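A.B. asks: Dropping the structure in here first, questions after.
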Amino acid sequence: MVAPEFPAGLDWVNTPGPIRLSDLKGKVVLLDFWTYCCINCMHIIPDLKRLEREFPVELVVIGVHSAKFTQEGRTENIRQAVARYEIEHPVVNDYRFVVWQSYGANAWPTVVLIDPLGRIVMQAAGEGVYARFAEPIRKLVVEYSKQGVLTRDPLKLTAGGPSPAARAFSFPGKVTADETGRRLFISDQNRNRIVIWDAQNERVIDVIGSGETGLKDGQFESATFNHPQGMTLVGDRLYIADTENHAIREADLTSRMVTTLAGNGSQLLWPRGGGKGSETALSSPWDIVHRDGLIYIAMAGTHQIWTLRIADGWVEPFAGSGREGLHDGPRLAAALAQPSGLALLGDRIYFADSEVSAIRFVELGDGGQVGTVVGEDLFEFGDRDGIGDAVRLQHPLGIATDGKVLYIADTYNSKVKIIDPSDRSSRTLYGNGEPGLADGEGKMARLYEPGGIAWAAGRLYIADTNNHLIRSADPSGRELTTLQIEVSARSAVTTLKPDTLDGLSVGEGKGALVLRISLPTGMKLNDGAPVVVTLTDGGGVIDLPTGTSREFRIDELFELPVVWMSGRGVMSLEVSYVYCGEIDPDLCYPGHHRIALPVDVVETGVSRAALTLKPRPKM
């Protein structure tokens, strides 16, 4: 069957203009039908990235975003989601489900494989994409290479979403506070770290995590995370839902050490019984709370709530059968739908059950039941205050309590709401339903898909995710304000795995960093692809008058002007390029280096430093 063409008039992200399948003849194409709320869609992103790495010039992945929720159909919101999920391939906004219907998709995610002649080869729904599609793609590459049909010209793309580089955070997911409200703990998810802020003295007091993506225990400066979300503080230990590592981590605030309590780095693919934490797979833990030695985990990936016993590390399901939906009843028989926020109130855990746009609860006592405060079912959502069954939310992710009422981050409505569980009433506290950024009271305030909310010492703290900011409010005074938080380069050193570089010693003042790319014999840089260099000051030792990122063409000098500042630090450098055969220009490979380079800046010395980069041999 010939693959249906993309219709004209749709918006595209990550590409200079619309793409037509007819222009991709000679490429293997993978269509990913997704919607950005869907946890299963999030789970296959690593599989898609793995396939893109293995077939960098033979395969083109195209995301077809067919929105479940109303707000997901807006192109700018999709652009934000693409940046948040760090998706680099093109995405088309299929807001009217035209592409969806032409391919007969009926579930999120659905993946379609198209051969270089434009014919559909296979189609499958659900997770496990790499296992199902890697070998068929490999066979297509071999077959059509032999036929001389396969092309290896790289696809010209553009950057995904808006850069938060000018702000302290990159898509902050959750925020929590100690009881006094003095310390805030902020999950800076796309920078893979936790920022600790002293609210009284208005300064950053520590940073947990190097900023590199990974699952590594150790000191705060060297430990790594993968898009952390919810946190809970117990004494001098902060527990962290390390969402994309499928793990629960412990950060000792005294010794400044991070350890992994639960999760083995792999994703739990279906619900199962309990086990020892370090040996048991988890699935996208999104939020956590603590009571009486138990950490309760919003296990979004399996539509359940689990517990972790701190004393011995035992983890097991606490509520939810693993079936997705809204079904009340006995704890382990009830159906949940991507629980993403937790709050303790009395003898209940209230949770934001995001995919059913509901606020629900689970009783903690023996024989506890799951019940629903507001919300109806998977496709019942909206933006309506009122009482009981009349209330509508839209994919809420955050929940907090002052001991009486619940405060809700009604994420896709870009609002903060108050829900009183005693009478099931809902009213809007901040926001007018339109994404934006503005301080003020009530509807004058604007937020953009807030994902986390916390209450401490009479104040609300909100992780305003798509605005890359933390907001604060005294609900009695009703005015929402933006916290002025700066995370300077001296707050934490970014450490990336070095290639084979020991460090630099340079003289203070104006200078330059000169890059030399040493390619294997018979290879040359691709004429049509830029060399992209991103330089980050990790210790206050460089000033970047020309900015932190530049594209270089091969007829330019690979030189970045810098000002060396006195002191010692670590400079982080990332370089990407494409190189091809001199005789066979269709034989191309991506080159990529991520380097942490210690720098010692002294009063006098040579101010021009040269680095030679060599791509790793291809196996």
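The values are calculated or read from the model by the stated rules, or taken from the named source; none is laboratory data. Predicted model, so just to flag it, every value in this text is computed and none were measured. Positions of Cβ are generated from backbone atoms using ideal geometry, with glycine treated the same way; all protein chains shown enter the neighbour counts.
A.B. asks: Within segment 70-78, is even one residue assigned to a strand (DSSP E or B), hydrophobic (A, V, I, L, M, F, W, C) and modelled with pLDDT of 95 or more? Before you say what the answer is, go through the steps one by one.
C.D. replies: Step one: filter segment 70-78 for residues assigned to a strand (DSSP E or B), giving none.
The answer is no, given that none of the residues of segment 70-78 is assigned to a strand (DSSP E or B), hydrophobic (A, V, I, L, M, F, W, C) and modelled with pLDDT of 95 or more.
A.B. asks: Another question about this same structure. Any residue at all in segment 252-274 that's outside any loop (DSSP other than H, G, I, E, B), within 20 Å of the chain's Cα centre (by Cα) and under 20 Å from HIS303 (Cα atoms)?
C.D. replies: Yes.
A.B. asks: Go through segment 285-319 residue by residue and tally those that are over 18 Å from GLN369 (Cβ atoms), aromatic (Phe, Trp, Tyr) and buried (at least 17 other Cβ atoms within 10 Å of the Cβ).
C.D. replies: Of the residues in that region, 1 qualify.
A.B. asks: Check whether at least one residue in segment 228-244 is without any contact (Cβ under 8 Å) to a residue 40 or more places away in the chain, within 28 Å of PHE361 (Cα to Cα) and hydroxyl-bearing (Ser, Thr, Tyr), and report yes or no.
C.D. replies: no
A.B. asks: Take segment 75-94 and flag every residue that is surrounded by fewer than 21 Cβ atoms within 10 Å (Cβ to Cβ) and touching a strand residue (DSSP E or B) at 6+ places or on another chain (Cβ under 8 Å).
C.D. replies: Across segment 75-94, the qualifying residues are THR75, ARG79.
A.B. asks: Sticking with this one: Can you name every residue in segment 243-280 that is surrounded by fewer than 18 Cβ atoms within 10 Å (Cβ to Cβ) and within 14 Å of GLN304 (Cα to Cα)? Working first, answer last.
C.D. replies: Kept after step one, since they are surrounded by fewer than 18 Cβ atoms within 10 Å (Cβ to Cβ), are these residues of segment 243-280: 252, 254-257, 259, 265-266, 269-270, 272-276, 278-279.
Residues satisfying the conditions are LEU269, TRP270, ARG272, GLY273, GLY274.
A.B. asks: Kindly check whether there is at least one residue in segment 598-609 that is under 29 Å from ASP153 (Cα atoms), of a type in the set (A, V, I, L, M) and at pLDDT 80 or above.
C.D. replies: Taking every residue of segment 598-609 in turn, none turns out to be under 29 Å from ASP153 (Cα atoms), of a type in the set (A, V, I, L, M) and at pLDDT 80 or above.
A.B. asks: What are the pairs, 6+ residues apart or on separate chains, where a residue within segment 26-46 that is on the phi > 0 side of the Ramachandran plot has its Cβ under 9 Å from a residue that is surrounded by fewer than 22 Cβ atoms within 10 Å (Cβ to Cβ)?
C.D. replies: Taking only residues 6 or more apart or on different chains, the pairs are GLY26/PRO116; GLY26/LEU117; GLY26/TYR144; GLY26/VAL149; GLY26/LEU150; GLY26/THR151; GLY26/ARG152; GLY26/ASP153.
A.B. asks: Continuing with this model, one more query. Looking at GLY458, GLY436 in this structure, which one is in contact (Cβ under 8 Å) with a residue 60 or more places away in the chain, assigned by TED's automatic domain parsing to the domain that holds ILE288 and not aliphatic (A, V, I, L, M)?
C.D. replies: Just one listed residue meets the conditions, GLY458.
A.B. asks: Look through THR481, THR428 and report the one residue that is over 23 Å from the mean Cα position of the chain (by Cα), under 27 Å from ASP178 (Cβ atoms) and not in a loop (DSSP other than H, G, I, E, B). Step through it out loud before you land on a result.
C.D. replies: On the way: THR428 fails: under 27 Å from ASP178 (Cβ atoms).
Within the list THR481, THR428, the selection yields THR481.
A.B. asks: Are any residues in segment 320-367 buried (at least 24 other Cβ atoms within 10 Å of the Cβ), over 23 Å from the mean Cα position of the chain (by Cα) and in a loop (DSSP other than H, G, I, E, B), and if so, which ones?
C.D. replies: GLY320, ALA334, listed by residue number.
A.B. asks: Name the one entry in GLY388, GLY313 that is farther than 28 Å from VAL175 by Cβ and of a type outside the set (A, V, I, L, M, F, W, C).
C.D. replies: GLY388
A.B. asks: Please indicate, with yes or no, whether at least one residue in segment 583-593 is under 30 Å from PHE220 (Cβ atoms) and either at pLDDT 75 or above or of a type in the set (Phe, Trp, Tyr) (or both).
C.D. replies: yes
To keep it simple, each residue is scored yes or no on (1) assigned to a loop (DSSP other than H, G, I, E, B); (2) in the same structural domain as ILE87 (by TED's automatic domain parsing); (3) not charged (D, E, K, R).
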| residue | (1), (2), (3) |
| --- | --- |
| LEU117 | yes, yes, yes |
| ALA124 | no, yes, yes |
| ALA131 | no, yes, yes |
| ILE137 | no, yes, yes |
| LYS156 | yes, no, no |
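A.B. asks: While we're here: Looking only at residues that are within 26 Å of HIS227 (Cα to Cα) and not aliphatic (A, V, I, L, M) in segment 460-480, which one is surrounded by the fewest Cβ atoms within 10 Å (Cβ to Cβ)?
C.D. replies: SER472
A.B. asks: While we're here: How many residues are farther than 18 Å from LYS68 by Cα and either crowded, with 16+ Cβ neighbours inside 10 Å or of a type in the set (Val, Ile, Thr) (or both) if we restrict to segment 14-44?
C.D. replies: So the answer is 10.
A.B. asks: Suppose we keep only residues that are in a strand (DSSP E or B) and either at positive phi or acidic (Asp, Glu) (or both) within segment 505-564. Which one would you say is modelled with the lowest pLDDT? Break it down stepwise before answering.
C.D. replies: Residues of segment 505-564 in a strand (DSSP E or B): 505-507, 509-517, 523-525, 531-537, 542-543, 549-552, 559-564.
Filter once more, keeping what is either at positive phi or acidic (Asp, Glu) (or both): 509, 537, 543, 551, 559.
Details: GLY509: 79, ASP537: 63, ASP543: 70, GLU551: 53, GLU559: 67.
Top of the filtered list is GLU551.
A.B. asks: If you go through segment 7-17, how many residues are under 18 Å from LEU157 (Cα atoms), in contact (Cβ under 8 Å) with a residue 24 or more places away in the chain and not aliphatic (A, V, I, L, M)?
C.D. replies: The total comes to 5.
A.B. asks: How many of the residues making up segment 592-603 are surrounded by fewer than 20 Cβ atoms within 10 Å (Cβ to Cβ) and either out of contact with any Lys or Arg (no Cβ under 6 Å at 6 or more places or on another chain) or among the small types (Gly, Ala, Ser) (or both)?
C.D. replies: Residues that pass the stated criteria total 6.
A.B. asks: So, in segment 84-102, exactly how many residues are more than 15 Å from LYS49 (Cβ to Cβ) and not in a loop (DSSP other than H, G, I, E, B)?
C.D. replies: Residues in segment 84-102 being more than 15 Å from LYS49 (Cβ to Cβ) and not in a loop (DSSP other than H, G, I, E, B): 7 in total.
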